[in-house]
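To start, the structure itself, in structure tokens.
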Amino acid sequence: MTGPKIGVVGGGQLARMMAPAATELGFDLTVLAEDSGVCARAVVAQAPIGDYRDYETLAAFAREVDVLTFDHEHVPTALLERLISEGINVQPRPSALVYAQDKIQMRKAVDRLGLPNPRWAEVRTLDELLAFGDSIGWPLVLKTPRGGYDGKGVMVLDSAQQAAQESASWFEQLPQRTDFSALLAEEKVPFSRELSALVARNDAGQVEPWAVAESIQVNSVCDEVMAPAPGISDRVAQKAQDAAVTVATELGVTGVMAVELFEVPGSDHGFLINEFAMRPHNSGHWTQDGSVTSQFEQHLRAVANYPLGSTAIKGEVALMKNFLGGTNDDIFGVYPALMKAYPAAKVHYYGKAVKPGRKIGHINLTGSRAELSDLRQQAAQAASLLTNGLA
């Protein structure tokens, strides 16, 4: 007797963290790894190495599984459409995934669904960018519609003069690009904080959202997540969940999706939509220890079209703190001190080589609302131990 065989394209930490959930459910998980050094290969028994951009390699892998899903959103849409034409089960489908791959298509979809967007424009020349900036006011944000993450492919422009100096090279390179033909310009939103509305949907149409979380970024990298977002009003939380459910339903998303939001007090909804991620997401890592069903188990349930699990929080609040590579290259050497000082902390180390500034793991804690400040302090101290080592 065997469960469904799920193939994951990409061997990063998200694929790695699907493995324990697959083991518990009895699902057979296999990964198409980019190279021998990706961290999922240490915990997944079947992890062949291959280039997901090569159709024959991708198709050979996909033909051996019951459903194909993703650790990242970089697989070309055209290749996925070819797989579907062969009868291969791809989840989420490329018709939905494109809205996480292409930020211009995402902005158009948000407008079409009547959800709150920042003011934006599709720009192909520097003159178009300058005209947009002059019409809505500076500063603004310029983005590559594809390929950007963790602050890459993003440029903040405070004035027309800066735009002319710093963005000209992006426009000069546009004719040589094969993945997009325009850039995305957006107003620089005066937000109070960043929120994340995490949701899962299966092919039968069942949708389950988690509590809306606050996500704190440091140097354009997610640093800390708290769920539910401290002090969020019931109105804004409900509207944010409703927006995520609308996106998942209307775009036909399957699996886990994060809708990243800017909280804007006083606006009609209380927020504007920033980006989509159609896969498990850093802002949902708290669910591993803080939710009845983690985002990784839920993603496997959803893409296999099983009923979804409860998204209730265990206790009152859940906290996640990322830790980065630093001066300490002996992660396990600090485990005894960390575990003794913070016995409630759940450490999730990705097995990656330590490189300064690289995201290599996270810590989860749960507790009561009254304990939140103390939980944050514990998590910060534990993360510092892992990054910097013992004093």
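The values are calculated or read from the model by the stated rules, or taken from the named source; none is laboratory data. Only a predicted model underlies this, so the values are computations on that prediction, with no experimental measurement involved. FYI the Cβ positions are ideal-geometry reconstructions off the backbone, even for glycines, and counts take in every protein chain you see.
Could you give me the residue pairs with C-beta distances under 7 Å whose first residue belongs to region 153-167 and is in contact (Cβ under 8 Å) with a residue 40 or more places away in the chain, whose second residue is of a type outside the set (Lys, Arg) wherever it lies, and which are 6+ apart or on separate chains?
Listed pairs, sorted by first residue: VAL154/VAL141; VAL154/GLY148; SER167/LEU126; SER167/LEU129; SER167/LEU142; SER167/MET155; SER167/LEU157.
Tell me which residues, restricted to region 38-76, are at pLDDT 95 or above, of a type outside the set (Phe, Trp, Tyr) and farther than 26 Å from ARG301 by Cβ.
ILE49, GLY50, ASP51, ARG53, ASP54, GLU56, THR57, ALA60
Going through region 305-345 one residue at a time, which ones are loosely packed, with under 15 Cβ neighbours inside 10 Å and among the basic types (Lys, Arg)?
LYS314, LYS340
When residues of region 327-338 are filtered for being out of contact with any strand residue (DSSP E or B) (no Cβ under 8 Å at 6 or more places or on another chain) and either within 25 Å of GLN295 (Cβ to Cβ) or part of a helix (DSSP H, G or I) (or both), how many remain?
Summing the residues that are out of contact with any strand residue (DSSP E or B) (no Cβ under 8 Å at 6 or more places or on another chain) and either within 25 Å of GLN295 (Cβ to Cβ) or part of a helix (DSSP H, G or I) (or both) in region 327-338 gives 5.
So, in region 198-217, how many residues would count as being more than 21 Å from ALA100 (Cβ to Cβ) and in contact with a strand residue (DSSP E or B) (Cβ under 8 Å, 6 or more places away or on another chain)?
Number satisfying all stated conditions: 3.
What are the pairs, 6+ residues apart or on separate chains, where a residue within region 270-282 that is closer than 21 Å to GLU224 by Cβ has its Cβ under 9 Å from a residue that is in a strand (DSSP E or B) and modelled with pLDDT under 95?
HIS281/CYS222; ASN282/VAL221; ASN282/CYS222
Return only the number of the condition from (1) touching a Phe, Trp or Tyr at 6+ places or on another chain (Cβ under 7 Å); (2) buried (at least 21 other Cβ atoms within 10 Å of the Cβ); (3) within 28 Å of THR366 (Cβ to Cβ) that ARG201 does not satisfy.
(1)
Mind checking which strands (runs of 3 or more DSSP E) fall wholly inside region 158-261 and carry at least 1 residues that are polar (S, T, N, Q)?
Result: 193-201, 213-218.
Look at GLU316 and say whether it is touching a Lys or Arg at 6+ places or on another chain (Cβ under 7 Å) and among the charged types (D, E, K, R).
In short, yes.
Could you list, in sequence order, all residues of region 366-391 that are within 21 Å of PHE332 (Cα to Cα), in contact (Cβ under 8 Å) with a residue 60 or more places away in the chain and buried (at least 18 other Cβ atoms within 10 Å of the Cβ)?
Within region 366-391, ALA379, ALA382, ALA383, LEU386, THR387 meet the criteria.
Given the criterion out of contact with any His (no Cβ under 9 Å at 6 or more places or on another chain) and part of a strand (DSSP E or B), identify the matching residue among LEU324, LEU375.
LEU324
Give the residues of region 130-142 that are under 23 Å from the mean Cα position of the chain (by Cα) and either in a loop (DSSP other than H, G, I, E, B) or surrounded by fewer than 19 Cβ atoms within 10 Å (Cβ to Cβ) (or both), sorted by residue number.
Hit for region 130-142 is VAL141, nothing else.
If MET106 passes every condition in (1) farther than 30 Å from VAL264 by Cα; (2) under 22 Å from the mean Cα position of the chain (by Cα) but one, which one does it miss?
(1)
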